[in-house]
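The structure under discussion is supplied below as structure tokens; questions concerning it will follow.
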Amino acid sequence: MEYGVLVDTTRCIGCRSCQVSCKNENQLPAEVTQLAGHDTGLTNPRKLSAKTFTLVQYHEVDAPDSPGGMRFVFAKRQCMHCDQPACVSACPVTALSQEKHGGISYDEKKCIGCRYCVWACPFGVPTAEWNTLAPRIRKCDMCSDRILTDVRVPELNGQELSGESRARIETSYRLPACVKACATGALLYGRRADLLEEAHRRIEREPGRYHPHVYGEHEVGGTSYLYLSAVPFDQIGFRTDLGTKPYPAYTATALGFVPPAVVGLGIVLGGLHLLAQRKAFVAAEERERAESARNGGETP
Amino acid sequence: MTNHWIDLRNSDCVLIMGANPAENHPISFRWVLKAKERGAKVVCVDPRFTKSASQADIYARLRSGTDIAFLGGMIKYILDNDRMHRDYVVNYTNASFLVDDGFSFDAATALFSGYDEARNAYDEKTWQYRFHRVDPDARPETMTPAQRTEYDRVKALADAREPLKDPTLQDPRCVFQLLKRHFARYDAATVSQVTGTPVADLERVYAAFSTTGAPDKAGTIMYAMGWTQHTVGVQNIRAMTIVQMLLGNLGRAGGGVNALRGESNVQGSTDQALLFHILPGYLKAPRASQQTLDDYLKVNTPTAIGRNSANWWGNTPKYMVSLLKSMFGDAATPANGFGYDWLPRLQDSGNYSWMHLFDEMYEGRIRGLLAWGMNPACSGPNSTKTRQALAKLDWLVNVNIFPNETGWFFEDPGLGIRPEDIRTEVFVLPAAASVEKEGSISNSGRWMQWRYKAADAPGDALPDAEIMDLIFHELRALYQAEGGALPEPILNAKWDYFREHGGHREADVRAIAREINGYFLKDVTIGDKTFKAGTLVPAFGMLQADGSTSSGNWIYCASYTEAGNMSMRRTREPHGIGLNPEWAWAWPVNRRILYNRASVDPAGKPWKGTIPVVEWVGDRWVGDVPDGPWPPLAAEGGRLPFIMRADGHAALLATGLKDGPFPEHFEPLESPVTRNPFNGRLQNPVAARFRGELDKVAACGSDQYPYVCSTYRVTEHWQTGVMTRNAPWLLEAVPQIFVEMSEELARDLGIRAGEQVRVSSIRGALTAVALPTKRLRPLQVHGRTVHQVGLPWCFGWRVPNDGSGGDSANLLTPCAGDPNTTIPESKAFLVNIEKIDAVTQSAHLLPRRRNA
């Protein structure tokens, strides 16, 4: 949990650049959506899913003392990247793991599709793909690829870059895509300790602007994503009943009995996993054959 | 913008009114929030609690279409409470000028002097200044020495066309006193009755913004279509410029009057004259009565008023001749008026703006249309009329990057004409998108920034310039072969910006950029320096009226010099006030803040305590590029800051506008109220109107159409949405048309959130998803409740292709607009909202198939 993102909702204007740039970064398909009377009607898609790793939720909050008697609050939601993640501890096959920068990433090669992670997550984040034969678990991984890969940009548009420009551009590649896209500085990426310090500094400097709480500092033992808000967090859709104890701690004793059981279960599940993969492979092949038959025998 | 985006951070008070930049110009909020961090107050005035309002320290709601009442109250507040920057007002505005004795305003008729009922227009004769005059029959040789001295003094002033002034601002006929009298009627109580804004909110806004009248404070205004799209659009902006003049905010860092342009390059397109009434660089388009170049120059070259006026438009001949040389090359000679005859002329009172063109089309007088990079079927007012007009064309060429509603207008389910009965021949030309070609864009801050090609265009799509080149060559070949009426403009056009490349002609956009800058066509000696023929002109100060220079657009002269393409520069300013003089290039001559000579006192020193923009250091200016090289006003040879005006002063009282020298409140053409407490007239008498069978207007106070409606945009969709509705991630975020209304109105009508409702005006109707919201609240206007509703105009029936997006909000808007610009009144018109039954509902706006 060395790194994280500070989301200052008081600086967010709800432009959804983070939402769209995430779709682009992860090449996620669009969902079929419709406006409805939920969350001001403007939140779309409605919730996180295997096709949507980050989204901006809109909230209209009554606030008699604020300008206009209300607040219009935008809250970016995504995986919170817990310090002691319930999903990782629930995963029987280490398909979910914590990267060194703090992001929780997922290895589809290891996944057996048990969906324990989906049930374990206190924030309801990991989601399985429902429309494929070999469903993967999908969620934000805090852009591990971007952050853990060194990018070199010696020139731009045929012009050699100065040291300063080059450093600036290269640094921008090593940010989560959402943070890079944020126009107003509502998202800040950095060492979690620094972000916490910054968050408390902001609250101290402008007590009238902020609700005096950094969400994610202690919730479920601490998360990499940290939030600041002008209004109490329960008013903008955050769970405030989660406690500060890490989720894996609740099950530590019980889980002590698990390893012997898992050895046996693992063999069974492993077999099922192979079977599932085989099924998916066959199905894909059949689809391809059918497709090529429709195209007059030509392989597309 | 007089200033630029980054400069917003220097402001002490940011007023957002007639715009919603957090939604429509999100990057601007980077700088608004920086200003806020530095202690600035952000004030938002809007009928709806917008995303911009969500960041405001002060928010006030008003009824759409009442901005002049709101701002008139602010002008009165500033004057009553002595908040103005007096030295600025006295020195740099025309406050002290004495006005013709015939000037008057009659509140009973709401008319200024000079109104001609027969023409429904004003004669401006009585709006002029009074000048120093000597008795033409005086005989100086008979005068005493004292009389003679006085006579000579006055004669010199008269010869320089010096207006009579009262620097104490006490003379009842000076502009300042006339202004004060005009706005005396705009007291907060009456304003509140009209705008629906509680008096306390009015005063909160007035107090906050008028603090910037202190010489060490600067306030800025961010406005956009929320002000322009009214029958009083220009006067809305005039009202604000008067506020900015009184507070001394023009020309200052963190100040100015900042129009937020609605497209990334709309500044560039106006600069390059994609409007009927201008030529590149805001030179006026020739009119029919200006038969020769001399006629044209005589009418359009102003004479300086007063000794200290720079009167920059006095250079018009240099810019016009250089433009003609750029257009016609060697064919433009002194003998043929540099080809002036080959330019099209407008009828003297002719108006060829959007609504007029589509009216002509509807009447069958225009037979063909090039719809280039636009989607009139959804973007123009009164879409029904627009689409009917398209059906009357012989031919329509639709150039776009996606299939749009315009090119397929015959499929419109609401058109009421069977496609087989439509005679219009439609040609579709696929164009390359902005990232598929090289070129420049000019942003709102007038920064010309070069951008590079990132990808090849798909299929047959070509850059616009290459499409134009193909059409041009076909036309030229036809004129060469067949002659025809007036072939000279085409045959003589200088057209050498294309090169053979890989078997086709490719646009050399850098050559076009150089042409826009301009060349020396002969060796020209200026001062002690000789410029060689064929070299690029370093700046517009060197353009000539004798045909020895060319320039495709004088305001862009200096953008591409022998030192290179300035718009490609990418050096950041490490510290300073955000001017970034070596990042890209700004017109004119890389000046980042216009009228910056007003940021200093007459001695050339920055107003005390301000962020310096320029400063006179004894023999030269430092800081931003000043508005001209002359020394400061108080020095020998000094000049006034407002160099584009013949009198060099900012105009509290202005000539040249069709609806009067001072703003006056009028109701929108369609208004829920039937009285105007400020004057005896309900609506702008000279508003642009049309009287065709489809140009229906609902009566004010209509029971049938009781709600005030505005149209607007959303972050996720751009203009009519042709680009963004085709981008699945954006359509996913905002999938369909909605109508926002207060929770109170929804309750009154029994409408639930998310249900489909019918929104109708007297001109058309559409189905939209109802979104009741706390962000709209009922207003109390003249003691009764008025509801404001609104909907975005970014949808069309064609994409998404199952129709679930709905159709254009412009089905509702009227063909009526501002008398000066003829922009339509899309921000204030009347609608009705009705529930529709469940069976009908299920047939509307439900997404069926998409992104398969």
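Please treat every number below as a calculation from the coordinates, not as lab data. Because the structure is a prediction, the values reported are computed rather than measured. So basically every Cβ, Gly included, is an ideal-geometry build from the backbone, and we count neighbours across all protein chains shown.
Cross-link list B:Lys36/B:Lys180; B:Lys392/B:Lys696; B:Lys41/B:Lys827: which exceed 28 angstrom alpha carbon to alpha carbon?
As for pairs spanning more than 28 Å Cα to Cα, those are B:Lys36/B:Lys180.
What order do you get for A:199-209, B:768-778 when each peptide is scored by the mean count of other beta carbon atoms within 10 Å, highest first?
Result, highest mean Cβ count within 10 Å first: B:768-778, A:199-209.
Now, a different point. How large is the convex hull of the Cα atoms of region A:1-134 per residue, expressed in Å³ as a whole number?
Hull volume normalised by residue count: 139 Å³.
Rounding to the nearest 20 debye, state how big the charge dipole of region A:81-231 is about its Cα centre with +1 on each Lys and Arg Cβ and -1 on each Asp and Glu Cβ.
Using Cβ point charges on Lys, Arg, Asp and Glu, region A:81-231 gives about 240 debye.
Shifting gears a bit: Given +1 on the Cβ of Lys and Arg, -1 on the Cβ of Asp and Glu, and no further charges, what dipole in debye does the protein assembly as shown carry about its Cα centre, rounded to the nearest 20?
1860 debye
In whole angstrom, how far apart do the alpha carbon centroids of region B:52-71 and region B:326-391 sit?
Cα centroid of region B:52-71 versus Cα centroid of region B:326-391: 37 Å apart.
Determine one quarter of the surface area of the Cα convex hull of region B:754-838, which equals its mean projected area, and express it in nm² to one decimal.
7.7 nm²
I'd like the trypsin sites (Lys or Arg not before Pro) in region B:559-655 restricted to DSSP loop residues with at most 15 other Cβ atoms within 10 Å, sorted by number.
Those that pass, being in a loop and sparsely packed, are B:Arg572, B:Lys608, B:Arg620.
Turning to a different aspect of this structure: List the trypsin sites (Lys or Arg not before Pro) in region B:231-271 that DSSP assigns to loop (not H, G, I, E or B) and whose Cβ has at most 14 other Cβ atoms within 10 Å. Which are they?
For trypsin sites (Lys or Arg not before Pro) across region B:231-271 that sit outside H, G, I, E and B with at most 14 neighbouring Cβ atoms in 10 Å, the list is empty.
Could you name the lysines whose alpha carbon sits less than 16 Å from that of B:Lys284, not counting residues in the same chain fewer than 8 places away?
By straight Cα distance, B:Lys284 reaches B:Lys298, B:Lys318.
Report Rg/Rh for region B:497-609, rounded to two decimals, where Rg is the Cα radius of gyration and Rh the Kirkwood radius.
Here the Rg-to-Rh quotient is 1.09.
Using every alpha carbon pair in chain B, what percent of pairs falls into each 10 Å bin from 0 up to the bin containing the largest distance?
Percent of Cα pairs in each bin: 2, 11, 21, 25, 22, 13, 4, 1, 0, 0.
Which order do the peptides B:65-72, B:544-551 come out in when sorted by mean C-beta neighbours inside 10 angstrom, highest first?
Top to bottom by mean Cβ count within 10 Å: B:65-72, B:544-551.
Provide, as a two-decimal number, the C-alpha radius of gyration of the protein assembly as shown over 2.2 N^0.38 Å, N being how many residues it has.
1.01
A further question on this structure: When the Cα centres of region B:243-311 and region B:393-438 are compared, how far apart do they sit, in Å?
34 Å
log10 I(q)/I(0), Debye, Cα-only region B:368-439, no solvent, q = 0.13, 0.16, 0.23 Å⁻¹?
-0.37, -0.53, -0.99
I'd like to know how region A:58-160 sits against the 2.2 N^0.38 Å rule of thumb: what's its Cα Rg over that expected value?
Against the empirical 2.2 N^0.38 Å value, I get 1.51 for region A:58-160.
In straight Cα distance, which aspartates and glutamates are under 14 Å from A:Lys76, not counting same-chain residues fewer than 8 positions off?
Straight-line reach from A:Lys76, under 14 Å: A:Asp8, A:Asp39.
Which whole number gives the average count of other chain Cβ atoms within 10 Å of the Cβ atoms across peptide B:31-40?
Mean partner-chain Cβ count within 10 Å for B:31-40: 2.
Also, quick follow-up: Just want the answer: with Cβ charges of +1 for Lys and Arg and -1 for Asp and Glu, which residue in B:Phe328, B:Ile441, B:Pro430 is farthest toward the dipole's positive end in region B:328-469?
Farthest towards the positive end: B:Ile441.
Further question on the same structure: When only alpha-carbon atoms count, how far does chain A stretch along each of its three principal axes, as whole angstroms with the largest first?
Taking the Cα atoms of chain A, the three principal extents are 64, 60, 46 Å.
Restricting everything to alpha-carbon atoms, can you work out Rg to Rh for region B:630-749 with a Kirkwood hydrodynamic radius?
Rg/Rh for region B:630-749 comes to 1.16.
If I model a spin label at B:Arg675 and B:Arg365 as a point 7 Å from the Cα along the Cα→Cβ vector, what separation in nanometres do I get?
4.1 nm
Using a 10 Å cut-off on Cβ atoms, rank the peptides B:156-168, B:746-758 from the highest mean neighbour count down.
Top to bottom by mean Cβ count within 10 Å: B:746-758, B:156-168.
In the neighborhood of A:Val151, defined by Cβ-to-Cβ distances under 10 Å, what is the net charge if each Lys or Arg adds +1 and each Asp or Glu adds -1?
It works out to a net charge of +1.
Also: So what's the net charge close to B:Ala389: Lys and Arg +1, Asp and Glu -1, counting the other residues with Cβ under 9 Å from its Cβ?
0
Right, next: How about B:Lys437: which aspartates and glutamates have a C-alpha closer than 16 Å to its C-alpha, ignoring those fewer than 8 places off in the same chain?
B:Asp456, B:Asp460, B:Asp464, B:Glu466, B:Asp469, B:Glu506, B:Asp508
Got a sec to turn the phi values of region A:219-232 into Karplus ³J(HN,Hα) couplings, 6.51 cos²θ - 1.76 cosθ + 1.60 with θ = phi - 60°, whole Hz, x for Gly and Pro?
3, 6, x, x, 10, 6, 7, 10, 10, 10, 8, 7, 10, x
For region B:417-469, what percent of Cα pairs sit more than 18 Å apart?
Value for region B:417-469 (Cα pairs over 18 Å): 52 percent.
Dipole of chain B, Cα-centred, from +1 at each Lys and Arg C-beta and -1 at each Asp and Glu C-beta, to the nearest 20 debye?
So the dipole magnitude of chain B works out to roughly 1720 debye.
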